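Written out below as structure tokens is the structure these notes cover.
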Amino acid sequence: MTAPRWTPPVEISKKEERVMRRLTRNGKFFAFARAARHEVFDDAFQQELGAMYRETGEGKEPVPPALLAMATLLQAYAGVSDVEAVDRATFDARWQMVLGVLGEGEPPFSQGALSAFRERLIKHEMDRRLLERTVEFARRSKGFDFKKLPKSLRLAVDSRPLAGAGRVEDTVNLLGRAARQALLSAAVLAEVDVEDLAEEIGGGLLLESSVKAGLDADWSDPKQKASAMRRLLRTIEAVEKYIREELAEFVDVPPLVEQLATLAKLREQNLDPEPPGGGAPRVREGVAPDRTISLSDPEMRHGRKSKSRTFNGYKSHIATDLDTGVVLACSLVAANRPEREGLDAMSDDLGRVGADSAAIAELHVDRGYTAATLTQELASRKGAAVVSKPRPRAGVNGLFGKRDFKIDLRKKTATCPEGQTTPIDLGTSVKFDPAACSACPSRAQCTTARGGRGRSLAIASAIKTRWTGGRSRGASTLPMQLAAFLAPELAQPGQRGWLAKVRQMRAAQALASDWTHEQMLEAYFNLLPLRGEVQGIGAGAQSLFGKTPTQMDRTDAALFAGLLPNPAAKAEILGKRACRIAKAADCTAIDAAAATLVSGERATRFDPGLAPHLATRLLDKPGKRVTTTIDRRIQTAAIVALRRQLAGLGSDRVRDGAVVVLDNATGDVLAYVGGVGLKSTAAAVDGANAPRQAGSTLKPHLYAQVIEHGWLTAASILDDSPVQLDTASGLYVPKNYDHSFKGPVSVRHALASSLNVPAVRALVIDD
């Protein structure tokens, strides 16, 4: 089947005109994309995209490749996932306008179609072609402010971690899986059953679903660990020996040859050579620079974004024109490679779009890029500038800097260069003993303070945050926050780098040039997010306090202001913050009010939307009215009960739940709670109606069947003890939720306790 053409209307409709009028300066890309789509995706280029698809006479007609290509550009611009891209194409008028589906209400493509298209794009090397064509058209048409590019290009290069697609395993399972792959390939080539071959070789261990679990060792015990490693290596050596001696004719046949090479490489990377005279095999300390960490994605590597943040996969490097926001080039390298390699890898792409070193006036980079070839060229060229964050100076005016002081965060002390020690309070400024500082021989190198005062030292709140395991927050002005409220793409999750801050600052400057301070403040208070799904001071006052903004008292106002830095703050933190704001001598009443607010009970009583998920489900048209059987009293009780239950399960990382209450006599739905949302990571998801695994709800049906057949009764005894079952995919070892076993239990007790092992034993009962 031939890939269809994308033929959106050329003329701008009245609906599109209304969307265009509402676009802010940050939305100019959408205007550019709408105006340029017919020329960018002309017949010739659509034919190039269509050539990626094989012509067949069967199957479902694919989504037009040009539409998916435009969606890919929008996705890259917004920095969203495939799931988010589908949502925006369905609900965001700006996306719908560009894609030519404004007002249709149905997603123009699926997540799978977008993912498959991207894979096809990369396979046919059309990803670079798409980027180059877009940039070339922008330059030629002088669109999207591209007219600034040829004269004085201000280029910014930054990286972001990209998770790999493969499963990362520890050394034991990695070696075991590699040997298992070789065993499976050998069985296929020799046309024998893999279980029979494993039994003949003595390699049954490799067929376990987890080799490490199959070794059944206490890995904290050095002796058991060494014994388990010896057993694993003996098994691997037996497999390798059998293949090379008994199946020698297949040794050089793919994929077996590659798998044997991978296995040898893994042993070299992960195991120390056997010590002279023998001894226990040892896992190599440290990580080899090119260590393979996944068999399914062998190119991915361990990486580090910062001292405390690690990831597995790759680094994507992006070069962006700071004046237009256009992405000019990108590259992808393994996560453990230095930044300079990412910039060097995109040099050819930069040259093809006219952004070579001769066209660059400014290059903004992190210090990791300073060793790149392009950076060195610009640094040595007259008239070009390389802008990079400098390394912190040791001190000011020759005085001792903070780095000259020994700060012990565990002991919470600071020691000066002359040995004076003083306790510190994280997040504050502390002072050394004035008497000791006055007599100190190094005073002239330490402080210029007069009047016998000692040296002060600020212990930044960022250190406190990191030490206490909190989350660091970037500094943002009110206009910057408002710009992010108006354009959510400016504050996407994970975008906390300097480049994202630059975008926010530029948007804030544009906003401040058109709005007065009073207008910005009003918009800020109407858009700011609070607890749960509450947004704005009006909704916050009603939902959190059951009042209008003018009815809030001093305590309410202090709590409201205390929510602004962190709407999800705990009760004790919120209480302290509100008490400082109110300047109250006695904080007892404020602390009690904070506890009540955080509990959510007051919001439950005052919130007019007690069943928001059900309302969203039923009220699908403007002005529609629906009468339900929901009982407000029971709905409120269900919400409060669920929140209290979740509070008790907080240590188990349970963050949300759902409740549906039915009247058995009538079938009426009396309560419908799709989620409570206070600490949920997906508060908008309707948990009562979301598809999910059947799980333990199958157990009553299972027991009903075996009782109906007469194989068991409710009083029959089942054995709740460890069991291992051979399956087509390997050994299955069921476990109960609490990882314990109860021994002999009745069917009635097994069902009431939702035990997994007895259910599995009942499942395998036959005639």
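The values are calculated or read from the model by the stated rules, or taken from the named source; none is laboratory data. As the structure is a computational prediction, the values presented were derived from the model and not from experiment. Cβ sites come from the backbone with ideal geometry, for glycine too, and all protein chains shown count toward neighbours.
For segment 185-203, does any single residue satisfy the condition of being under 37 Å from the mean Cα position of the chain (by Cα), assigned to a helix (DSSP H, G or I) and modelled with pLDDT of 90 or more?
So in segment 185-203, the residues under 37 Å from the mean Cα position of the chain (by Cα) come out as 185.
Filter once more, keeping what is assigned to a helix (DSSP H, G or I): 185.
Narrowing the set further to residues that are modelled with pLDDT of 90 or more leaves 185.
Yes, the conditions are met somewhere in segment 185-203.
Being touching a Lys or Arg at 6+ places or on another chain (Cβ under 6 Å) and either of a type in the set (Ser, Thr, Tyr) or surrounded by fewer than 21 Cβ atoms within 10 Å (Cβ to Cβ) (or both) is the filter here, so list the residues in segment 68-102 that pass it.
Leu102
Give me the pairs, please: first residue somewhere in segment 123-139 and at positive phi, second residue anywhere and surrounded by fewer than 20 Cβ atoms within 10 Å (Cβ to Cβ), beta-carbon distance under 9 Å, and either six or more positions apart or on two chains.
From segment 123-139, no pairs qualify.
So if I check each of Leu528, Leu499, Leu486, which one is among the hydrophobic types (A, V, I, L, M, F, W, C) and modelled with pLDDT under 75?
Numbers: Leu528 fails: modelled with pLDDT under 75; Leu486 fails: modelled with pLDDT under 75.
When all the criteria are applied, what remains is Leu499.
Any residue in segment 735-755 that is within 19 Å of Ser209 (Cβ to Cβ) and in contact (Cβ under 8 Å) with a residue 40 or more places away in the chain?
no
Which one of these is loosely packed, with under 12 Cβ neighbours inside 10 Å, small (Gly, Ala, Ser), modelled with pLDDT under 75 and under 45 Å from the mean Cα position of the chain (by Cα): Ser476, Ser429? Reasoning before the result, please.
On the way: Ser476 fails: loosely packed, with under 12 Cβ neighbours inside 10 Å.
None of the other options fit; the residue is Ser429.
Looking only at segment 545-569, count how many residues are assigned to a helix (DSSP H, G or I) and more than 30 Å from the chain's Cα centre (by Cα). Walk me through it before giving the result.
Just the residues of segment 545-569 that are assigned to a helix (DSSP H, G or I), to begin with: 545, 549-551, 554-563.
From the residues that got through so far, the ones that are more than 30 Å from the chain's Cα centre (by Cα) too are 545, 549-551, 554-559.
Total satisfying the criteria: 10.
Please state which of the following conditions Gln376 fails to meet, knowing it meets all the rest: (1) buried (at least 16 other Cβ atoms within 10 Å of the Cβ); (2) within 28 Å of Arg301 (Cβ to Cβ).
(1)
Within segment 299-350, track down each residue that is assigned to a helix (DSSP H, G or I) and either under 16 Å from Ala138 (Cα atoms) or in contact (Cβ under 8 Å) with a residue 40 or more places away in the chain (or both).
Step one: filter segment 299-350 for residues assigned to a helix (DSSP H, G or I), giving 339-345, 347-350.
Within segment 299-350, Glu339, Gly342, Leu343, Asp349, Leu350 qualify.
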